[in-house]
Amino acid sequence: MKIEIPEGSPFGLVNLPYGVFSTRESGPRVGVRVADFVVDLAMALGDEVFARPSLNAFMAQGFDRWKEVRGRITELVSGEVPGEVVHAVADVTPHLPIEVGDYVDFYASEHHASNLGRLFRPDSEPLMPNWKHLPVGYHGRAGTVVVSGTDIVRPCGQRKAADETAPTFGECRRLDIEAELGFVVGTGSPLGSSVSTAEFARRVFGVVLVNDWSARDIQAWEYVPLGPFLGKSFATSISPWVVPLVALEAARVPTPPQDPEPLPYLREAEPWGLDIDLTVSWNGQDVSHPPYREMYWSPAQMLAHMTVNGAASRTGDLYASGTISGPEKDQRGAFIELTWGGKEPIQVGDEERTFLLDGDEVVISATAPGAGGGRIGFGEVRGRILPATEAKR
Ligand code: MN
């Protein structure tokens, strides 16, 4: 068969994102998305590396191999493709595309960090003194990274409002999202070495959408002095399609001016800013349009910082950008910012909302300029909130 790619499809030949899918007949395996189809790569290319339930084995083969396979796929899907290797995307089940190694979340938006600083620490400077000298991050929980479509159970935990004298245990009352991008490490680096900013494009395989679900009340009570813990670790959702980094060449833009100049290990000859437009939809209504191009620190700087102390990196490591927020109110990537700490509700359909209610659904999607003038798509990361399960007190 010939795969029809409609004019303007966000999944044309300049995108070709990878994912893991299963069908009624076959278990999880690697596929590539073309228009509204998924091509079974193990069958199409006759290579067992794709007959696995994650992209990790393929990613570990390295940059030159990624390039070769992309070339073969382009050739394959431009011609006649055996019908049995092609599935309609609507007929397959998407799975988590990578076996997540370590998971790190950064905090790279100046607008987000400043807004959260004002909300969490109203009596001090919004940015901490280190913020413009290094990309601030924390280690998250790799084991609770889930694929888009996975329901999110409202977490329980300790929380203490400002007007309460002691903490109580119960379900989260300020459940929030964070719209982010996630960068997938394809080839790692050994313990005792570090990755330079110039190596980013050969080591990072691709990019996914991330929703870093956040329990703001649990977070506010626990985060000093060691940072986020249970307020974040209950679930992090990612999109099923990994957009290859090479597909984002046309989206590459400078980062905003960095002043003061970063230390030498964080400098980039050609900064890896990315012009990617996100949309956050809450129960079917678009409530925000976070612009990735506003991010202060680039993903190449994040990787360099993450390894500068000699920490190893591994195939499948995932590091997220932190909430993407622009300067405008409707560009904020978290509800705590959009509603200013819950004090300024927003209209969602017929209702006024601050934080997430049970049954709410959030969808984050994104597009970027593609080679040749069109736009490429990231698909979406979707999640619905289920009521808290009875927890032990
Ligand atoms: Mn985050």
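Could you list, in sequence order, all residues of the stretch 86-107 that are within 16 Å of the ligand (Cβ to nearest atom) and either part of a helix (DSSP H, G or I) or more than 13 Å from the chain's Cα centre (by Cα) (or both)?
If the condition is that a residue be within 16 Å of the ligand (Cβ to nearest atom) and either part of a helix (DSSP H, G or I) or more than 13 Å from the chain's Cα centre (by Cα) (or both), then D102 is the only one that fits.
Suppose we keep only residues that are in contact (Cβ under 8 Å) with a residue 40 or more places away in the chain and out of contact with any Ser or Thr (no Cβ under 7 Å at 6 or more places or on another chain) within the stretch 17-29. Which one would you say is surrounded by the fewest Cβ atoms within 10 Å (Cβ to Cβ)?
T23
Restricting to the stretch 246-290, count the residues that are more than 30 Å from W340 (Cα to Cα) and touching a residue at least 60 places away in the same chain (Cβ under 8 Å).
Number satisfying all stated conditions: 14.
Within the stretch 30-49, track down each residue that is in a helix (DSSP H, G or I) and surrounded by fewer than 23 Cβ atoms within 10 Å (Cβ to Cβ).
A42, M43, A44, L45, E48, V49
Would you confirm, using the coordinates I've provided, whether L318 is buried (at least 19 other Cβ atoms within 10 Å of the Cβ) and of a type in the set (A, V, I, L, M, F, W, C)?
Answer is yes for this residue.
Which of the strands (runs of 3 or more DSSP E) contained wholly in the stretch 343-393 include at least 3 residues that are over 30 Å from V89 (Cβ atoms)?
So the answer is 351-353.
For the stretch 147-173: of the residues being within 22 Å of the chain's Cα centre (by Cα) and within 30 Å of E294 (Cβ to Cβ), which is farthest from the ligand (Cβ to nearest atom)?
Checking each candidate, the answer is G149.
Restricting to the stretch 210-258, and then to whatever is more than 13 Å from the ligand (Cβ to nearest atom) and of a type in the set (S, T, N, Q), can you tell me which residue is farthest from A334 (Cα to Cα)?
Q258
Could you please let me know if S365 is under 24 Å from Y265 (Cα atoms) and at pLDDT 95 or above?
Judged against the criteria, S365 is not a match.
List the pairs whose first member sits in the stretch 196-212 and is not assigned by TED's automatic domain parsing to the domain that holds L266, whose second member is of a type outside the set (D, E), and whose Cβ atoms are under 8 Å apart, counting only residues at least 6 apart or on separate chains?
Short answer, once both residue conditions are applied: none.
Select from the stretch 174-194 the residues that are away from the ligand (no atom under 16 Å from the Cβ) and buried (at least 23 other Cβ atoms within 10 Å of the Cβ) and write down the one among them that is nearest to the chain's Cα centre (by Cα).
Ranking the qualifying residues of the stretch 174-194, first place goes to V184.
Matching residues to (1) more than 25 Å from A142 (Cβ to Cβ); (2) in contact with a Cys (Cβ under 7 Å, 6 or more places away or on another chain); (3) of a type in the set (A, V, I, L, M, F, W, C):
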| position | (1), (2), (3) |
| --- | --- |
| K2 | yes, no, no |
| I5 | yes, no, yes |
| L16 | yes, no, yes |
| V30 | no, no, yes |
| D36 | yes, no, no |
| M59 | no, no, yes |
| W66 | no, no, yes |
| G79 | yes, no, no |
| D102 | no, no, no |
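Results for (1) more than 16 Å from the ligand (Cβ to nearest atom); (2) crowded, with 21+ Cβ neighbours inside 10 Å; (3) under 19 Å from D217 (Cα atoms), shown as yes or no for each residue.
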{"position": "S325", "(1), (2), (3)": "no, yes, no"}
{"position": "D330", "(1), (2), (3)": "yes, no, no"}
{"position": "I336", "(1), (2), (3)": "no, yes, yes"}
{"position": "E344", "(1), (2), (3)": "yes, no, yes"}
{"position": "G349", "(1), (2), (3)": "yes, no, no"}
{"position": "T354", "(1), (2), (3)": "yes, no, yes"}
{"position": "D360", "(1), (2), (3)": "yes, no, yes"}
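The values are calculated or read from the model by the stated rules, or taken from the named source; none is laboratory data. Only a predicted model underlies this, so the values are computations on that prediction, with no experimental measurement involved. All Cβ positions, glycine included, derive from the backbone under ideal geometry; neighbour counts span all protein chains shown.
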